[in-house]
Amino acid sequence: MSHKISDKTMNIEMDIETNSPKETFEAGRTLGLTARPGEIYTLNGELGVGKTVFTQGIAAGLGIAEHVNSPTFTIVQVYDSGRLPFYHFDVYRIGDIEEMDEIGYEDYFYGNGLCIVEWAERIRELIPAEARQITIEKNLEKGFAYRRIRIERQQ
């Protein structure tokens, strides 16, 4: 696993390259170890790039021992057993943005836990400006298990 950090005027950017699901999990775990209350991360990437593995790593870094899966049908899954509450959103199935109001998204987004939002582009107008964006990409030329994880924050 390799890391590259660069400072730009508009973004702080971190690129992490992983070459196995275990390394992708560990990258997530590192993020979970350093997560602070109230942080929001959007998680972007094609199906099968490792978003769930990365999220499971985040949960492990928060000290959550229970199994973490993508909450595709429930929209949000809440985990309270770690050092911070962990709110894992999958908004792929959101048909109308008002559904987010119905589940009380503001309590999660502006609470004291860590929020991960998969498919956040579907609710772009609700995502706070200070949210960090995580993008996971494959590059088959670099190997089947290769992943590039980019973390960006607006300044």
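The values are calculated or read from the model by the stated rules, or taken from the named source; none is laboratory data. Worth saying up front: this structure is predicted, and the values here are computed from it rather than measured. Reconstructed Cβ throughout: ideal geometry from the backbone, glycine too, with neighbour counts over all protein chains shown. Just so you know, the surface numbers come from the protein's heavy atoms only, side chains and all, with ligands and any DNA or RNA stripped out. Shrake-Rupley method; radii C 1.70, N 1.55, O 1.52, S 1.80 Å.
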Within the stretch 138-147, identify whether any single residue is crowded, with 20+ Cβ neighbours inside 10 Å and either within 14 Å of the chain's Cα centre (by Cα) or not in a strand (DSSP E or B) (or both), and answer yes or no.
-> no
Identify all residues within the stretch 15-74 that are assigned to a helix (DSSP H, G or I), open to solvent by 40 Å² or more (accessible area, probe 1.4 Å) and of a type in the set (K, R); write none if there are none.
-> K22, R29
Name the single residue, out of those in the stretch 96-126 being of a type in the set (A, V, I, L, M) and more than 13 Å from the chain's Cα centre (by Cα), that is nearest to T24 (Cα to Cα).
-> I123
Test for D96: is it touching a Pro at 6+ places or on another chain (Cβ under 7 Å) and open to solvent by less than 80 Å² (accessible area, probe 1.4 Å) | no
Go over the candidates Y79, Y110, Y92 one by one and state the one that is under 29 Å from E23 (Cα atoms) and touching a residue at least 24 places away in the same chain (Cβ under 8 Å).
-> Y92
One residue from T42, T30, T72, T55 being among the polar types (S, T, N, Q) and within 15 Å of L126 (Cα to Cα) | T42
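Quick check on this structure: which one of G95, G82 is closer than 21 Å to P37 by Cα, part of a loop (DSSP other than H, G, I, E, B) and out of contact with any strand residue (DSSP E or B) (no Cβ under 6 Å at 6 or more places or on another chain)?
Numbers: G95 fails: closer than 21 Å to P37 by Cα.
Of the residues listed, the single one that is closer than 21 Å to P37 by Cα, part of a loop (DSSP other than H, G, I, E, B) and out of contact with any strand residue (DSSP E or B) (no Cβ under 6 Å at 6 or more places or on another chain) is G82.
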Sole miss for Y87 among (1) touching a Cys at 6+ places or on another chain (Cβ under 8 Å); (2) in a helix (DSSP H, G or I) is condition (2)
From (1) closer than 16 Å to T135 by Cα; (2) without any contact (Cβ under 8 Å) to a residue 24 or more places away in the chain; (3) not β-branched (V, I, T), pick out the condition that doesn't hold for N44.
-> (2)
Keeping to the stretch 115-141, report how many residues are within 20 Å of G48 (Cβ to Cβ) and free of Cβ contacts under 8 Å to residues at least 24 places away in the same chain.
-> 3
Listed by first then second residue, the pairs whose first member lies in the stretch 50-72 and is among the basic types (K, R), whose partner is open to solvent by less than 10 Å² (accessible area, probe 1.4 Å), with beta carbons under 8 Å and at least 6 positions apart or on separate chains, are K51/L43; K51/E118; K51/I136
